[in-house]
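Asker: Pasting in a structure now, in structure tokens, and then I'll have a few things to ask.
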Amino acid sequence: MSTDVHLGDDTTRDMEAAEKAAADFLRALGVGLDTEHLRATPGRMARAWAEMLTPREFTATTFPNDEGYDELVLARDIPFRSVCEHHLLPFVGTACVAYLPGERILGLSKLARIVEHFACRPQTQERLTRQVALWLQEQLAPKAVGVVLRAEHSCMTLRGVQATGSSTVTSSLLGGLREDPRSRAEFLALAGAGA
């Protein structure tokens, strides 16, 4: 028997108001919308932002750990994209998500879905990292959880300091991965984050 946790989007959107706001925003910045190329841009802009801020629904199915598997379950190089809550500019990167199973295991594809779910909203990378780790801890009650995110923030590369090519790495370690130095070193090595 499996245990399912449904994660979806429970927000409503006013696309007409979003399109009007996009048009007002562009005009306020001096972008004219009277050419054929730009006339439909506010609608496209509103739809693009709605898509970026809407996680796909999924069911996080868990199963009994009947075989008593007691080694790390790790998925790495999970691509993600989010939006910096301070500038509303994108940040993109990869995630490594791992857990040491307790009584239940999670379908492998759901590790990527959980990252996507929490990334589809204005975020900080630090909070996103922690949210993924805490969700796994709460839903699976594993012996350990580890999450490492590596991302390039366009608020750093396209504006301000313009640090092109820089990346930010964040981690959240819970349970045995936080408490046991050997387990932590193994996880960080597998995650590609060094020891």
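The values are calculated or read from the model by the stated rules, or taken from the named source; none is laboratory data. Values in this document were obtained by computation on a predicted structure and should not be read as measured data. Neighbour counts run over all protein chains shown; Cβ positions are idealised from the backbone, glycine included.
Asker: Specify the residue that is modelled with the lowest pLDDT; the eligible residues are those in the range 124-176 that are out of contact with any Ser or Thr (no Cβ under 8 Å at 6 or more places or on another chain), over 21 Å from ASN65 (Cα atoms) and among the charged types (D, E, K, R).
Answerer: ARG159
Asker: Ok, one more. Please name all residue pairs, on different chains or six or more residues apart, with Cβ atoms under 7 Å, provided the first residue is in the range 142-171 and is among the polar types (S, T, N, Q) and the second residue is in a loop (DSSP other than H, G, I, E, B).
Answerer: What qualifies is SER154/LEU89; THR157/ALA163; THR157/THR164; THR157/SER166; SER171/ALA193.
Asker: Separate question: Spot the failing condition for GLY93; the list is (1) surrounded by 19 or more Cβ atoms within 10 Å (Cβ to Cβ); (2) in contact with a helix residue (DSSP H, G or I) (Cβ under 6 Å, 6 or more places away or on another chain), and only one is missed.
Answerer: The number of the failed condition is (2).
Asker: If you don't mind, another one. Only one of these is out of contact with any Pro (no Cβ under 6 Å at 6 or more places or on another chain), among the charged types (D, E, K, R), more than 22 Å from VAL145 (Cβ to Cβ) and surrounded by 13 or more Cβ atoms within 10 Å (Cβ to Cβ): ARG47, ARG76. Name it.
Answerer: Residue meeting the stated conditions: ARG47.
Asker: Restricting attention to helices (runs of 4 or more DSSP H) lying wholly within the range 95-182, give those where 2 or more residues are within 17 Å of ALA75 (Cα to Cα) and in the same structural domain as GLU67 (by TED's automatic domain parsing).
Answerer: 109-119, 125-140
Asker: Are any of the residues in the range 14-31 surrounded by 13 or more Cβ atoms within 10 Å (Cβ to Cβ) and either within 21 Å of the chain's Cα centre (by Cα) or at pLDDT below 85 (or both)?
Answerer: Within the range 14-31, not a single residue is surrounded by 13 or more Cβ atoms within 10 Å (Cβ to Cβ) and either within 21 Å of the chain's Cα centre (by Cα) or at pLDDT below 85 (or both).
Asker: Of (1) within 26 Å of the chain's Cα centre (by Cα); (2) of a type outside the set (S, T, N, Q); (3) at pLDDT 90 or above, HIS6 satisfies all except one. Which?
Answerer: (3)
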